[in-house]
Amino acid sequence: MSDSRTAERPARPRPSGGGPAARGGLLGRIRASGRSGTPGRPGKAGKPGKAGKPKWTNVRPLMIIGIVVALLGVAYAVVMYSPLFDARTVSVRGTAQLTPQQVKDVAKVPHGRPLARVDLDAIRRRIAAIPRVESVSVERDWPHTVVIRVTERQVALLLPDSGRFAEIDKSGVRFGTVDAAPQGVPIVNADPAADQEMLRGVAQVVGALPSAVAPRVRDITARTRDDIAITLDDGVLVLWGGAEDSPRKAEVLSALMKHKAKVYDVSVAEAPATRNSPL
């Protein structure tokens, strides 16, 4: 006999998804939905607002470059065209015989022009044309000044010319005239039309004279470039010849003058001579 209590129990319905494989498929769809987002409610990784918007870190360098370029443009315009940095004053330095005003008159610095646009080379050329100027430099001193530095020629010789004296520098350049010969400057007796090369040679001779002899020079006669003679204050005559090998000739002259003579001939340094009678 069968007992009614032992009747079969109804079976539990199984999930429609099936076993573990079905559950895994469901979880996969859920995860995929979380990554890509559902219509109307996007997930964290798929928010279109963040993905399509340029990031600040990419834009900032471009903005900085633009600002720098703009500032440089403004600075250029201010320096090149603004009256904030215009030429207002001229400073002249290094003058001796010339006056600062003489240099300024020749320089013709354009006052009121932006300092950056002042033509320094043109100013330099105008000043260099002054005969007494040996060298010149011109520069800007911000914000408003043009600085001019000149080096004047120094007198090495005097050349008599039409009752006056032409001033000659160490390079043989004539750069001025004076009415009276300054004390201590040698006078060269030469053709007033003597060329620069001859006068340069005479100046080289004067510059090479021994320190004990130079102050005693009364005059110098230069008939040609190779025939230079020096008369000292006591009438002693020094036959120098040409300007070549002048340092060696000066050494020889110093040795010869230890012996008293009327004429010292060092025209050939390796064969010097002395005489006790004038020529």
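Taken together, the values in this text are just the output of simple stated rules run on the coordinates, not laboratory data. Treat the numbers as computed from the prediction; the structure is a model and nothing was measured. Backbone-built Cβ (ideal geometry, glycine too); neighbour counts: all protein chains shown.
Can you list the aspartates and glutamates whose alpha carbon is less than 14 Å from that of LYS260, not counting same-chain residues fewer than 8 positions off?
Correct list for LYS260: ASP234.
If R0 is 22 Å, what FRET efficiency do you get for ARG275 and ASP245 from their C-beta distance, rounded to 0.05? Intermediate values should be presented prior to the final figure.
Details: r = 21 Å, r/R0 = 0.97.
Step by step, r from the Cβ atoms, then E = 0.55.
Once Lys and Arg get +1 and Asp and Glu get -1 on their Cβ, which of MET198, LEU157, PRO131 lies farthest toward the positive end of the dipole of segment 130-231?
Selected residue: LEU157.
Please give, to one decimal in nm, the separation of the simple spin-label points placed at ASP219 and ALA129, each 7 Å out from Cα toward the Cβ.
Simple spin-label model gives 3.7 nm for this pair.
If amide H atoms are built 1.01 Å from N in the plane of the peptide, which residues on other chains or at least 5 residues away come under 5 Å of the amide H of GLU152?
Those lying under 5 Å, H to H, from GLU152 are GLU134.
Give me a comma-separated list of calculated 3J(HN,Hα) values for segment 126-142, in order, Karplus coefficients 6.51, -1.76, 1.60 applied at θ = phi - 60°, integers in Hz, x for any Gly or Pro.
So the J values, rounded to whole Hz, are 5, 6, 5, 6, 5, x, 6, 8, 7, 8, 8, 10, 10, 8, 8, 10, 5.
Quick one: length gained pulling ASP141 to GLN102 fully straight, 0.36 nm per residue minus the C-alpha distance?
Net length gain for the segment: 12.0 nm.
Positive end of the charge dipole of segment 162-279 (Lys, Arg +1 and Asp, Glu -1 on Cβ, about the Cα centre): tell me which of TYR264, LEU209, PRO186 has its Cα farthest that way.
TYR264
Give me the orientation-averaged projected area of the Cα convex hull of segment 152-279, in nm², one decimal.
On the way: hull surface 30.3 nm².
For segment 152-279, the mean projected area of the Cα convex hull comes to 7.6 nm².
Do any trypsin sites (Lys or Arg not before Pro) in segment 71-162 lie in a DSSP loop with no more than 13 other beta carbon atoms within 10 Å, and if so, which? Spell out each step's value before the answer.
On the way: sites: ARG88, ARG93, LYS104, LYS108, ARG117, ARG124, ARG125, ARG126, ARG132, ARG140, ARG149, ARG153; in loops: ARG88, LYS108, ARG132, ARG153.
The qualifying sites are LYS108.
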